[in-house]
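Student: Here it is, the structure, as structure tokens.
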Amino acid sequence: PSSSSVASRVGLSGDGADGGVVGGGVAGAAVGAAAATTSARRLRLFFDVEGSADIGSEEYINDRRKVGRAVLMSRRSIRQSARVQNWAQAIAAAQEAGAAAVVVFNNLDAMEPFRMGLFGELAPSIPAFMVSGADGAALSVAGALGCDVLLGDRSAVEAARLSLQGGSGAESESIGGSSSSRSSGVGEDLRSAPPPWPLTGARLPADVAQAWSLLEAMSLHEEEAQVELQALLNRMTVPEKRVWLTRRLVRHHRSQQDLDGGFSELPLAFVEGDRSLSPAEQIAAIRQQLVEGIGLGSEDLCGEFEVRFKDEHGVGSAVLREWIDLAAGEAFLHPSNRLLRSYDRRQTFWPDPAAPFCNPQWQLDYEALGRLLGLALWQSCTLDLPLHPRVCALLLGFPRLEGGEETAASDSAFSAAKAVALEEFDEDLYRTKVKWLLANPVAELGFDMPFTDPLGRTDEQPPSPSQDRSVASGSRSVEATGSSASSSSSSSTCSSSAAEPEPLTEAASSSSSVATAAAVPAVPSGAVLSLPAVVRLSDRLPGTERSFPGKVLLQVGTSEVALDGADGELQVTDDNKLEFVNALTEWRTHGGIELQVQAMAKGLRTVVPEAVLTELRGLLQPAEVAQLLSGMGEICVDDWERHTAYTHGLYHEGDLVTWFWRTVREWASSPEEQVRLQQLLQFVTGSARVPVGGFAELVGFNGAKHPFTLSKGTHLTPQSLPMAHACICTLDLPPYEDFETCRAKLTQMLAFGRSHFDEAAGRRGEDTTE
């Protein structure tokens, strides 16, 4: 940002820890001589952008650029120094280097306590301040641009600021803003050649911390600052943005939980999962949690969230990740529950337009889905539920890219933007229906086409065997408990289980032309009713039922929704086909999912509040949000191998490791065995999908990054199956003697599916068959 946009807000007051904001200045806690200062001192702010010298080192002490200036330093630079041990020693080192004052800003983890003190050291004889990370980020830019700061007590700084404002306009804006008060060349260099993303050498890149602090501190200020801020944010990668979001959520929720300085316990939410439940029973169990205010329905999902599976002893991060995937796949993705459907052969998913017509508790179910998405973001889990980016755009409140006012203004034309939108999520519908209609006379169909859209015909169709979400279960150590656990995964070879668009045939494009829309009747106890042949928008159920296991769903069958808002008797003609295409596009991309997304947003906001959503919309695009939630569907073995670590005597060129990767690559090259890649990944990590950024961003214990690791199982016999420590993404490989045994044991490990592990089954001569 320009020096004037920063300098007009920069000032330090030393009234103590509460230190209010003075005229938009920087508030901070102060010790030493600051509190005794009765008149404001104007000092040039110095900030070493490169930070090459260790604080307290001879090079640092002899750097004369600090003489007579207010030196800005970060808590991270203090912690990384080998010469100083604490805040007070760092102040003393700066004073020895000639500094007239010191400002320390907190750029460490949001969960770490914000502390300052002398720690038994002598009090510094120069003013010493500590400010927040957001204020420190603004000051660091001001320091790089050569701005001045005002130091003193509250009244002195305020008086000096008013005095400056009373002078000429140029002076008022040039506390460091004029060329005479700017370090030679620094400001221009910083603005013309900002540092690349990301910087390295710390737990969090410095520019990443600076970016999100600036996002909060400056996004509502000058247009010039906004432009330069956006340029900074544009260099952030999606994994870095994920770090921003996670830590921003931590800061919000920890501040809301009133932890009494860290001594209070975090709120606890508990779930007992059951792998044996059917999809209908899985969604019923989730409804129970929301109705009773437990588990996923807890008031606060951002404390401790613990999951245990029935008849299993494993706990920890990997068990939580497995349960989140299980809930996504069995409760929300299963076609029989009529909550999500796919138009691109299960690559992405949309809310099912039929849900409000057939599901008496649809609001409860979609609120639960929103809560699950929020929990996944909070836990940094990669969810095996890939939402379409356009759904993410609606969910997070992004402006609509098409439809809305545009639709109202162009009912007589099918815009290129709408064509792209429709083709993007349902290529078959666009090619076989929309494109054909626009290019040909309706009479050439040979039958009457109603002004309707099918709600789908597969509400009871189970997934095909290739979609069965069974996966590996073997000997798995979770959080070093040594207990066994099983897991589930989606196959990489998928076919659509939702109703796919069909070619323009009479059977596919017309329903009973004499059927009239009727109000959807209430569902009598024990009865299963069907929707009428044609339903109107007014036939949608309130969805306010909040009970478990819940009322039975109405059968959708061949029911269609009237797009003209009437009774469905209107037919498509050459005169109204453009209107029909527009209505169909609006229904598929917005009208048919709007209410469901609103319910999802209600659940999501329990974890991601509106204030954070507002910031998020300025940082992430809808496609990036979809990537954060569901990661990458494809597994690249080269990337996997490149980011794998080895321990306990294993190394990349060793026989055991060579056999392991040879097996994995053989699976990847075989269409029939590619599913084993996801099964292996979930078996070892608890998640079947690769996080955004690839295997370098793999998540382990408590959401922290942890590489996929192969360890030599010295405690295992050559007849044992491999053992996974899922919370630390580690697979113990027994000392196999040849490739054939290694491949057979890895394959057998993944063949156990949902059954519990029996070590005896892995012994030579007693292998179970697949």
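Student: So, by mean Cβ neighbours within 10 angstrom, what's the order for 76-83, 706-713 with the highest one leading?
Tutor: On the way: 76-83: 16.4, 706-713: 20.1.
Peptide ranking by packing, descending: 706-713, 76-83.
Student: Step through the residues of region 648-664 one at a time and calculate ³J(HN,Hα) from phi using the Karplus curve (6.51 cos²θ - 1.76 cosθ + 1.60, θ = phi - 60°), rounding each to whole Hz and writing x for Gly and Pro.
Tutor: 6, x, 7, 8, 4, 8, x, 4, 4, 5, 4, 5, 4, 5, 5, 5, 4
Student: Sort 651-662, 669-680, 378-389 by the packing proxy (mean of other Cβ within 10 Å over each peptide's residues), most packed first.
Tutor: 378-389, 669-680, 651-662
Student: While we're on this one: Give, in nm to one decimal, the length gained when the segment between residue 715 and residue 82 is fully stretched (0.36 nm per residue of separation minus the Cα-Cα distance).
Tutor: Taking 0.36 nm per residue and subtracting the Cα distance, the gain is 223.9 nm.
Student: Could you pull out every residue, at least 5 positions away or on a different chain, whose amide H is within less than 5 Å of the one on residue 71? Hs are placed 1.01 Å off N in the peptide plane, and Pro or chain starts have none.
Tutor: 46, 100, 101, 102, 103
Student: What Kirkwood Rh does region 547-699 have if only Cα atoms enter the pairwise 1/r average? Answer in Å.
Tutor: Roughly 21.0 Å, rounded to one decimal.
Student: I would also like to ask the following. What pairs from 551/602; 577/602; 435/602; 310/602; 602/705 go past 26 Å between their alpha carbons?
Tutor: Violating the 26 Å limit, Cα to Cα: 577/602; 435/602; 310/602; 602/705.
Student: So what is the accessible area of region 677-720 per residue, in Å², with the probe set to 1.4 Å?
Tutor: That works out to 29 Å² per residue.
Student: If we restrict to alpha carbons, what Rg and Dmax does region 618-704 come to, in Å?
Tutor: Taking only Cα atoms of region 618-704, I get Rg and Dmax of 14.6, 50 Å.
Student: Next question. Summing +1 for each Lys or Arg and -1 for each Asp or Glu, what net charge is found among the other residues whose Cβ lies under 13 Å from the Cβ of residue 633?
Tutor: 0
Student: Hey, can you rank 61-67, 743-749, 426-432 by average C-beta count inside 10 Å, highest first?
Tutor: Descending packing order for the listed peptides: 743-749, 426-432, 61-67.
Student: Would you please give the residues with an amide H less than 5 Å from that of residue 387, counting only those at least 5 places away or on a separate chain, with H modeled from the backbone geometry?
Tutor: HN-HN under 5 Å from residue 387: 349.
The values are calculated or read from the model by the stated rules, or taken from the named source; none is laboratory data. These numbers come from a predicted model, not from an experiment. No Cβ is skipped: glycine too gets one built from the backbone with ideal geometry, and neighbour counts run over all protein chains shown. SASA here: full protein model, heavy atoms, side chains in, ligands and nucleic acids out. Shrake-Rupley method; radii C 1.70, N 1.55, O 1.52, S 1.80 Å.
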